[in-house]
Amino acid sequence: MGRIRLAILIFASLGLLWCVSEQATAQSSNRPVRPNEEKGRLNSDARLGARRPLPRPRGPEIFYCETPDTSCRTTQDTFPIADLRDLFVFVVWPGVSGQHVQTVEFLLPGGSMYSSRKTRFSIGGPAPARAPAFNSEVSPAPAAPHLVADANKVHPEGITTLLMKSRGDSSVLTVLPVGGTYITQRNLSGTWRVRVFLDDRLVLESEFTLLPHQPPTPARAEVEAER
């Protein structure tokens, strides 16, 4: 009888130990996350977030208008040569400050140079009252200052200023005369190329198209003949 009782006690002890072990395993699998572990996960997420690429800064942009006002800003780049008096070319300079010289080159559809226009401008500082010297460590004074327009100068007639704001960014206006010039006299239609330099460094290229003169329709020709 003593041996039987001893065996029963041994089996009961083993069963109790097995139950305790199962409860401990269940508790460990469902245990809450400790603060240190939560902090480790946050640090891991922060590292992954830090690896995400940052948005690239916006570069210069160009748009064309038939009026000298930035409110005309669109993506239009095609114009009838017969109806265009002047082509107004706006170059937008986001994030640019200081004193600089902008150069806009107009290339004919064949690729040869038609004209080059230089404009000096100052952003973020006092605008010069006149443009005789325009000292700048970034951009030295051009060799022919009389051929350089001053964007900060207030002109008494016509376009008051060449330095404007477009959607919160500074923009510099360059005017290409079309009507009554060699362009219309020789019907220089087609796709023109535009190159923009900032302090003699090429930063932007673009294109616009001048549509050729359209021959009058027979009905329109009869009306003009009757006149």
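Taking only pairs six or more apart or across chains, which ones have beta-carbon atoms under 8 Å, a first residue in segment 115-129 that is over 20 Å from I183 (Cβ atoms) and among the hydroxyl-bearing types (S, T, Y), and a second residue that is in a loop (DSSP other than H, G, I, E, B) and modelled with pLDDT of 90 or more?
Qualifying pairs under 8 Å: T119/A151; T119/L162; S122/A151; S122/N152.
Can you pull out the residues in segment 88-126 that are surrounded by fewer than 20 Cβ atoms within 10 Å (Cβ to Cβ) and of a type in the set (A, V, I, L, M, F, W, C)?
F88, V96, F106, L107, L108, M113, I123 - these are the residues of segment 88-126 that are surrounded by fewer than 20 Cβ atoms within 10 Å (Cβ to Cβ) and of a type in the set (A, V, I, L, M, F, W, C).
May I ask you to list the residues in segment 201-227 that are at pLDDT 95 or above and either in contact with a Pro (Cβ under 7 Å, 6 or more places away or on another chain) or among the acidic types (D, E) (or both)?
Within segment 201-227, V203, L204, E205, E207, L211 qualify.
Which one is farthest from F121 (Cα to Cα), of the residues in segment 182-202 that are buried (at least 16 other Cβ atoms within 10 Å of the Cβ) and β-branched (V, I, T)?
Looking at the filtered set, the residue picked out is T184.
Note down all Cβ pairs under 7 Å where the first residue falls in segment 157-178 and is farther than 27 Å from G190 by Cβ, the second is basic (K, R) and assigned to a loop (DSSP other than H, G, I, E, B), and they're at least six residues apart or on different chains.
Cβ pairs passing all conditions: S166/R73.
Which residues, counting only those in segment 154-173, are more than 16 Å from R120 (Cβ to Cβ) and surrounded by 10 or more Cβ atoms within 10 Å (Cβ to Cβ)?
We begin by selecting, within segment 154-173, every residue more than 16 Å from R120 (Cβ to Cβ); these are 156-158, 160, 165-169.
Answer for segment 154-173, where residues must be more than 16 Å from R120 (Cβ to Cβ) and surrounded by 10 or more Cβ atoms within 10 Å (Cβ to Cβ): T160, K165, S166, R167, D169.
Strands (runs of 3 or more DSSP E) wholly in segment 36-115 with at least 2 residues that are closer than 21 Å to I159 by Cβ, more than 17 Å from the chain's Cα centre (by Cα) and modelled with pLDDT of 90 or more - which ones? Can you show your working first?
Numbers: elements: 61-65, 78-80, 86-93, 98-107.
Counting at least 2 such residues, we get 86-93, 98-107.
The values are calculated or read from the model by the stated rules, or taken from the named source; none is laboratory data. Since the model is a prediction, treat every value here as computed from it, not as a measurement. Every residue, glycine as well, gets a Cβ built from its backbone with ideal geometry; the counts of neighbours run over all protein chains shown.
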